[in-house]
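Structure record follows, encoded as C-alpha cells.
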Amino acid sequence: MRKPIIAGNWKMNYGIQKTIDFLNDVKGGLSYDEVEVVVCPPYVSLSSAVNILKDTTVKVGAQNMHWETSGAYTGEIPGEMLKEIGVEVVIIGHSERREYFNETDDTVNLKLKKALNLGLLPIVCVGETLDEREKNIQKEVVTNQVKLAFEEISPENVDRVVIAYEPIWAIGTGKTASNEQADEVCGWIRETIGGLYSNEIGNNIRIQYGGSVKPDNISDLMSMENIDGALVGGASLKKDFIDLVKYK
Ligand code: PGA
C-alpha cells in the first residue's frame with residue numbers, strides 16, 4: 001500500500017513570523033492520518049515550523065541540502081544540521097535548483113545518498129522542459145534523470161525515497177499536465193525503478209506529480225494509477241492547502 005504524500009514547497013516565501021502565523025492557522029486542518037503531509041519552508045523558518053508542528057503528524061522538510069558534513073562551502077547547509085533541528089524530509093534536485101543553481105544529476109545523486117544515510121526522507125524531483133516535451137523526448141529525459149539519481153542506491157533503500165515528477169512547463173504557470181500525461185510519465189518512472197531493481201520495488205515507490213496542483217484538480221490527479229501524491233508550490237502558501245491535503 002502506497003500512502004499518499006502531499007508536500008508544500010514554499011520556495012523563497014515566508015520568514016519566521018509569517019511561518020508562525022500561517023502554521024498556527026492551518027496546523028489543525030493539516031493533521032490528517034490518511035495522507036503524509038509535509039511543509040518545506042525556507043531554511044531560516046525551519047526551526048519555527050518544527051516547533052509549531054511538534055505535536056502534529058505534519059512533517060517539516062528542507063528545500064535543499066549539501067552532501068558534505070562540513071567545510072568551506074559558503075552559503076550551504078548540510079543534512080546533519082537539518083537533522084539537528086528536527087527536519088525529517090528534504091527536496092532534492094528541484095527544477096529551479098537545476099536551472100538557476102547548476103544542480104546536476106551528479107549532485108542530485110550525492111545528495112540522495114547522503115539524505116538516505118542520515119535517515120531523511122528525500123523527495124527527488126525530475127521533469128522535462130517545454131522544449132523537450134515539444135520534441136517528444138520526455139520519456140528519455142525523465143527516465144535518464146531517474147537512472148542517474150539512483151546510481152549506487154541499494155534496493156533496500158528505494159522505498160525510503162519519494163520521486164516527484166514535475167514537468168517544468170507546468171510549474172508556476174497555471175498549466176497542469178493532463179491527468180493522462182502526468183500518469184503516463186509517472187508510469188515510466190515506476191517502470192524504470194522496476195527495471196533497475198524489481199517489479200515489487202517499482203510498485204512500492206511513491207511518485208508525486210507537481211506543477212500547478214490546486215484544490216480543483218488534485219482529486220482527479222490523485223485518482224490516477226501511478227500518482228501517489230503532489231508537490232505543491234503556490235497553492236501550499238494559502239489556507240487552501242488544507243483542501244489539497246483533504247482531497248478525498
Ligand atoms: P507550483 O510549483 O505548484 O506553483 O506550480 C510546484 C513546484 O515547483 O514544486
Hits among aspartates and glutamates - C-alpha to C-alpha of Lys248 under 16 Å, sequence gap 8 or more where chains match: Asp33, Glu34, Glu36, Asp216, Asp220, Glu225, Asp228, Asp240
Fewest-first ranking of Thr107, Thr56, Thr74, using other Cβ atoms within 10 Å as the exposure measure: Thr74, Thr56, Thr107
Extended-chain gain in nm, criterion 0.36 nm per residue less alpha-carbon gap, Ile77 and Thr57: 4.7 nm
Between segment 217-248 and segment 124-196, the Cα center-to-center distance that results, in Å: 18 Å
For Gly210, distant residues with modelled amide H under 5 Å away: Tyr165, Glu166, Leu231
Using a Förster distance of 51 Å, the FRET efficiency for Ser70-Asn179 (Cβ separation, nearest 0.05): 0.70
With at most 11 other Cβ atoms within 10 Å, longest stretch of the chain clear of loop GluC sites (Glu not before Pro) (DSSP): 35-151
32 Å Cα-Cα threshold exceeded, pairs from Lys83/Lys175; Lys27/Lys83; Lys111/Lys135; Lys27/Lys114; Lys27/Lys135: Lys83/Lys175; Lys27/Lys135
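Every read-out reported here was derived from the displayed coordinates using simple, explicitly stated rules and does not represent laboratory data. Keep in mind it's a predicted model, so treat the numbers as computed, not measured. Don't worry about glycine lacking a Cβ; one is built from the backbone with ideal geometry, like all the others, and counts go over all protein chains shown.
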